[in-house]
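Below: the structure, in structure tokens.
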Amino acid sequence: MTPAPLALSLDHIARLLGRARAVAGQPLARSASGDPFFLDLPAFDGGAGGIVTQANLEVIGSLYFAAEVEGTYLPAVAEQLAEHRFGLNLTDRAAAEALETLAGAMRHEWVNRGLRNQIFARTFGIGDADPNLGDTVVNREFEPRFARLCSALSASARDLQGWGAPSGAAMRAAVAAQALLGNLGSRMQGNTLIVTERLAHQLTLSVEALNHPGLASLFMGRTAWDVVRGVLGTDTPDLAAHVTRAQTGLRLVTWLARHLAAVQAADAQGIIDAIAGEAGLRGWAEMWLDAAGVAPAAQPGGWPQ
């Protein structure tokens, strides 16, 4: 199965981040070291006891998308090919220019794979991280809580079609959503928007380089995914699962952001309207669960209640 194209998702992320930047104002000044990831800042809105806003949550959804795409190794493959671009038998000039553009960007304030994985582990508990790290460094509760939300949304959408009590369905979804918000709120930082903007730009450059037909043809393919498969061979991960989680996760988090007020207020009618008003919601939730290897009705032992 070939994963869906990423271009539409990246365009959507650009709009979300543009809106968040408009709310936040101009980019923050960097520290004296010039490193934007070592800003001396107080906790982002949404820290423990703080307020999670729609814009903040949309940024987190965009960061989650980048985290799941990282799991496909597409960014890492793009970086490796850019570093070794002069050794490639690349006859297409436009493809060579795309790799050169990527290589040039990598020389200036590029967030490398090691640091990306630290960010993703801290925020979502996913990526290549030392399993011995503590819960303050790796957010091990995110995925179970997100799965609980997906399961609750799937059940709620079904109940609203006549299989159960609408108000009870709404409250189950609210409880699961509030648990997720509580977890994410403590992981948001003052530079979350800056980091996410940088990673979205890097991912766009990587996709543009790998998706060029002139480069893909070197690997007997047509798309960026053919390049990834050609480079990784038998080590290629489940691309469809990662991209499905990336795209459905982004949709679900942005849905939650749009209806944040109703969820935070536990407004049963508002939540019912939000679930009923999004025709794709149940499908997104069940697709995410399936891609994560979790049946919609399953509740693995040890997940937070």
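Working out 0.36 nm times the residue gap between ALA292 and ALA240, then minus their Cα-Cα distance, what length gain in nm do you get to one decimal?
On the way: separation 52, 0.36 × 52 = 18.72 nm, distance 1.08 nm.
Result for the pair: 17.6 nm of gain on full extension.
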Fill in the blank from the handout: Taking region 82-207, the equivalent ellipsoid from its C-alpha gyration tensor has semi-axes in Å, biggest first, of 40, 20, 12
Handout entry: Distance between modelled label sites at ARG113 and ASP11, nm, 7 Å Cα→Cβ extension
Key = 3.0
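Is the shape of region 66-149 best called rounded, prolate or oblate, per the rule: a/c under 1.5 gives rounded, else a/b larger than b/c gives prolate, else oblate, with a ≥ b ≥ c the square roots of the Cα gyration tensor eigenvalues? Present the calculation step by step, with values, prior to reporting the outcome.
Numbers: a/c = 3.40, a/b = 2.56, b/c = 1.32.
It is prolate, given that a/c is not under 1.5 and a/b is the larger ratio.
Quick check: residue separation of ALA22 and LEU232 times 0.36 nm, minus the Cα distance between them. What number comes out in nm?
Working: separation 210, 0.36 × 210 = 75.60 nm, distance 3.96 nm.
Stretched out fully, the ALA22 to LEU232 stretch lengthens by 71.6 nm.
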Practice task
Please order SER62, SER9 by the number of other Cβ within 10 Å, starting at the fewest.
Solution key: SER9, SER62
Practice task
Could you list SER151, SER186 in order of exposure, starting from the residue whose Cβ has the fewest other Cβ atoms within 10 Å?
Solution key: SER186, SER151
Completion exercise
With label points set 7 Å from each Cα along the Cα-to-Cβ direction at GLU83 and MET220, the distance between them in nm comes to 2.7
Practice task
Quick one: grab the alpha carbon gyration tensor of region 210-257, order the square roots of its eigenvalues as a ≥ b ≥ c, and give me rounded if a/c is under 1.5, else prolate or oblate depending on whether a/b is larger than b/c.
Solution key: oblate
Handout entry: For region 164-305: rounded, prolate or oblate by the Cα gyration tensor [a/c cutoff 1.5]
Key = prolate
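Coordinate-derived values only; no laboratory data. It should be emphasised that the depicted structure is a prediction, and the values quoted were computed from it without experimental measurement. Backbone-built Cβ (ideal geometry, glycine too); neighbour counts: all protein chains shown.
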